[in-house]
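Notes for the one structure printed next.
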Amino acid sequence: MASRNQNRAPRSPFTKKSSADEVPVDKRRRIETRKTEAQGSMGRPRPPLSVRQEAAPTSDIGSTEGSEWASVEFTKEEVEALLNEKLKVKKFDHKGKADQLADYTKRLKLCIKWFQQVEEGHLLEEEKLRNALSSAEQKCTDTEVEMKNKVDELNAVSSKLREDIATLEKKVAKEESEKLDAITSHRREKEARDVAEKLQDSLSVELEKVREEKLVAEQRVASSEDLYNRAQEYNKSLQQYNSKLQSDLETTTESLKRVEDEKRTVVETLSNSRGHNKALQDQLTSLKASLDDALKQKESLVNELKCLRGELQQVRDDRVRHVREIQDLKDEVVKYKEYTGKSCAELDTLTRKSKAVEERCSSQRMQIDTLKHELEAANEKLKMADLSVSETRTEFEENKRIVRELQDRLAEAELQILEGENLRKKLHNTILELKGNIRVFCRVRPLLPDDGNTTEAPVISYPTSTETLGRGIDLVQSGQKYPFTFDKVFHHETSQQDVFVEISQLVQSALDGYKVCIFAYGQTGSGKTYTMMGRPDAPEQKGLIPRSLEQIFQASQSLQAQGWKYRMQASMLEIYNENIRDLLCTSRSSGADLSRTENGVCGKQYTIKHDANGNTHVSDLTIVDVCSIKEISSLLQQAGNSRSVGKTQMNEQSSRSHFVFTLRISGMNENTEQQVQGVLNLIDLAGSERLSRSGATGERLKETQAINKSLSSLSDVIFSLAKKEDHVPFRNSKLTYLLQPCLGGDSKTLMVVNISPDASSVGESLCSLRFAARVNACEIGIPRRQTTTTRPPSDSRLSYG
């Protein structure tokens, strides 16, 4: 008990009280000054218990003032060296040990103060990075919206261009049909020309006949002189008519040339627009080919007209030479005149058709020009859209790069915060071990459908400040807030794995040779049995007991490569109505039958004994050697089936006893011949309950009274430890007497207080939190590692740590 009072000056066990009077005055003064200096280096004294309830456990560290604290910095190697530092003093040199502990505690406080400042800086930087990331994401979303709008505009423009191209294709198809009509008309004209050629051939045959008759006609020339003059006048009129026809032919040829030039320009404009639209290019090439064919046909027609003109000139010469024969051929000339009249009519129709084609070509040229301008405007719009899209894309890529950089920085900051949090936990655990405090975790179960009205305001909240983040909990009762701070607080969404991660290092200490005790406390229906046992059939919902045993076996197997061999023994009992029951007794009947008995099981009376080394033994208790997790699981299932469980108004399956699981671990290293003795105690306490709410009667009433009595004895023990009284009433209850090494010895102890978020249970929750705060303030001593070795030590000095 002397280890709880750290401010008391150390005293040698061989020093008597009367020896203080024999010490000189000067020496006593020097001792007193050293005491005051040691007390000043240890920091301020511990505040009263009532103030410590609502304050953080590390509030006394942040209260030290001094200019040197702000300038001290630590590296990772220095922190590791500080954590791994071992105090080496001479045997029974308690004064030197106290001085070294004071200096070590002061350096730890400096390190924690520095770590808190670094953690605050990391949190501020993380907040800045998150703000920058959110702004960058908002900017990216805005950019994406703008790009979508631009893409929609471009799609609208492209659809409009497609519609224009479709109309152009329709117009070109219509023009092709008209050109096909023109080609058919040209074919008809060619057929007419063929007919005219045939007529000319027939005329040539007749002219030959005329030449044969020429000899006969020469004799009649004399008599035809009068007629010759008339015929000469008539020939002059014919010559004039022929000259007029020649002038008409020249004008038609010039008009055809102009049409040809215009068609060539049309072909050139169509060839220029050919690169913009492939479909239009094919149609324009076909049109060009058809126009070339028409030009060739027109050229052949012009050649034919020239031939006709030459033939007409030859006919005129023949007529001049054969003036005498003209009178006889008057009828034939009349026929020929009629034929030439038909050819003139055909020429007139050709000129009219050529004018119509010219008009169509001019209209097509105008349409092509408008389409060309529209295509140029559309190309410019596309170029501008491409430029805007490229600029937006570059801006988007830049934003993505910035977002990636911010994400990398955020991940790096989160990694640093995680490393810092692990370092803080390690420092915090080291301080708690040096102080000897009982560690307390708080877990809040989620709301259940049977909890009543869930629309009320929540009675439990979690502060978000830097000092209490993840460690603070606020309870509201009748409009008043009660803040509490523990070593860790788990909210209602925390999984079983997350809870086990926090206690895994404590479970590992059992393999290292420490005594470890983990017990769950809380009112009935708050989730204690779920936290400790969970649901074995669901791997994600396994509790702390099966997970701890799995870790123990896995770690022991991994340590076999280093020469370690372990032997493990398991025992399970329950304290029911202040009676101890062996849950592994083979002759035990069902739990329903046992709930009616008063004394022990298997016809035995079990007693609790503590030896000089602080080890606890229960007489005649069944102890089973276990070698695998499968054996442990079967034993847990057997104990669960044998445990006393009853139904109350507050819980359908309420645990009516305190369940204690003990695993004794004996390890030996064959290489170093080192031996370790560890104990792992995992306890599921029965829930505290009020008779007004549970409605217990008969046997349940007796069980409730026994449970409340044992928990009241546990509260008396905690009060005595907190006040550092000389007498601690461990023997008032079998539960407290069984937990005596865990509460008052050299064990690593953790209490998990379970809280219900139901508004109707706020009174019981407040009592549980207050009790947990008292437990967290208790000092039970520094845990010791139980190791032995067969080799003589190389150094006679003792090592603490």
Restricting to the stretch 434-460, what's the tally of residues that are outside any loop (DSSP other than H, G, I, E, B) and at pLDDT below 65?
3
Positions within the stretch 380-394 being charged (D, E, K, R), farther than 17 Å from SER159 by Cα and loosely packed, with under 11 Cβ neighbours inside 10 Å, in sequence order
GLU391
Looking at (1) at pLDDT 65 or above; (2) surrounded by fewer than 19 Cβ atoms within 10 Å (Cβ to Cβ), which is the one condition that is false for ASN776?
(2)
Where a residue in the stretch 379-407 is under 30 Å from GLU127 (Cα atoms) and its partner, wherever it lies, is part of a helix (DSSP H, G or I) and open to solvent by 60 Å² or more (accessible area, probe 1.4 Å), with Cβ under 8 Å and at least six apart:
THR392/GLU146; THR392/LYS150; PHE396/GLU144; ASN399/LYS139; VAL403/GLU137
Cβ-Cβ distance below 8 Å, separation of 6 or more or different chains: which pairs start in the stretch 201-215 with a residue that is farther than 14 Å from GLU311 by Cα and end on one that is hydroxyl-bearing (Ser, Thr, Tyr) and not in a helix (DSSP H, G or I)?
none
Among (1) without any contact (Cβ under 8 Å) to a residue 24 or more places away in the chain; (2) open to solvent by less than 30 Å² (accessible area, probe 1.4 Å); (3) part of a helix (DSSP H, G or I) - the single one ALA510 does not satisfy
(1)
Here the qualifying pairs (Cβ atoms under 9 Å; residues six or more apart or on different chains; first in the stretch 617-642 and over 13 Å from LEU583 (Cβ atoms); second open to solvent by 60 Å² or more (accessible area, probe 1.4 Å) and part of a helix (DSSP H, G or I)) come out as ASP625/GLU631; ILE629/GLN554
Would you check which residues across the stretch 536-574 are of a type in the set (Lys, Arg) and within 17 Å of SER495 (Cα to Cα) and list them?
LYS542, ARG547
Being within 50 Å of the chain's Cα centre (by Cα) and of a type in the set (D, E, K, R) is the filter; apply it to the stretch 79-114 and report the residue that is least open to solvent (accessible area, probe 1.4 Å).
LYS109
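Which one is farthest from LYS113 (Cα to Cα), of the residues in the stretch 400-423 that are open to solvent by less than 50 Å² (accessible area, probe 1.4 Å) and modelled with pLDDT under 85?
Looking at the filtered set, the residue picked out is ALA413.
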Do any residues in the stretch 135-161 that are within 30 Å of LEU406 (Cα to Cα) have Cβ atoms under 7 Å from those of residues that are of a type in the set (A, V, I, L, M), where the two are at least six apart or on different chains, and which pairs are they?
ALA136/ILE402; ALA136/VAL403; ALA136/LEU406; GLU137/VAL403; CYS140/VAL403; LYS150/ALA385; LYS150/VAL389
Could you list, in sequence order, the residues of the stretch 730-762 that are open to solvent by 10 Å² or more (accessible area, probe 1.4 Å) and under 41 Å from the mean Cα position of the chain (by Cα)?
LYS748, PRO757, ASP758, ALA759, SER760, VAL762
Expected single match for among the small types (Gly, Ala, Ser) and over 18 Å from ILE632 (Cα atoms) among ALA555, ALA570, ALA561, ALA510 is ALA561
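Evaluate the following for TYR521: is it in a strand (DSSP E or B), in contact (Cβ under 8 Å) with a residue 40 or more places away in the chain, touching a strand residue (DSSP E or B) at 6+ places or on another chain (Cβ under 9 Å) and among the aromatic types (Phe, Trp, Tyr)?
Yes.
Looking at this structure, is ALA377 buried (at least 16 other Cβ atoms within 10 Å of the Cβ), at pLDDT 80 or above and in a helix (DSSP H, G or I)?
no
For the stretch 529-559, give me the residue count where each residue is part of a helix (DSSP H, G or I) and either out of contact with any Lys or Arg (no Cβ under 9 Å at 6 or more places or on another chain) or open to solvent by 20 Å² or more (accessible area, probe 1.4 Å) (or both).
Start the filter on the stretch 529-559 by keeping residues that are part of a helix (DSSP H, G or I), which leaves 529-532, 539-541, 544-559.
Okay, now just the ones that are also either out of contact with any Lys or Arg (no Cβ under 9 Å at 6 or more places or on another chain) or open to solvent by 20 Å² or more (accessible area, probe 1.4 Å) (or both), so 529-530, 532, 539-541, 544-555, 557-559.
Looking only at that region, the number is 21.
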Determine, yes or no, whether VAL489 is in contact with a Cys (Cβ under 8 Å, 6 or more places away or on another chain), under 20 Å from ALA777 (Cβ atoms) and either of a type in the set (Asp, Glu) or assigned to a strand (DSSP E or B) (or both).
yes
Qualifying residue in the stretch 288-297 (condition: under 23 Å from LEU199 (Cβ atoms) and modelled with pLDDT under 75)
yes
Just wondering, is there one or more residues in the stretch 747-757 that are part of a helix (DSSP H, G or I) and under 30 Å from LEU511 (Cα atoms)?
no
So ALA686 fits all but one of (1) open to solvent by less than 70 Å² (accessible area, probe 1.4 Å); (2) in contact with a helix residue (DSSP H, G or I) (Cβ under 7 Å, 6 or more places away or on another chain); (3) part of a helix (DSSP H, G or I); (4) at pLDDT 80 or above; what number is the exception?
(3)
So PRO783, is it at pLDDT 85 or above, over 23 Å from SER712 (Cβ atoms) and open to solvent by less than 70 Å² (accessible area, probe 1.4 Å):
no
Residue among SER204, SER158, SER185, SER224 that alone is at pLDDT below 85, under 30 Å from ARG393 (Cα atoms) and surrounded by 11 or more Cβ atoms within 10 Å (Cβ to Cβ):
SER158
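The values are calculated or read from the model by the stated rules, or taken from the named source; none is laboratory data. Quick caveat: nothing in here was measured; it's all calculated off a predicted structure. No Cβ is skipped: glycine too gets one built from the backbone with ideal geometry, and neighbour counts run over all protein chains shown. Side chains are part of the model used for accessible areas, which takes the heavy atoms of the whole protein and leaves out ligands, DNA and RNA. Shrake-Rupley method; radii C 1.70, N 1.55, O 1.52, S 1.80 Å.
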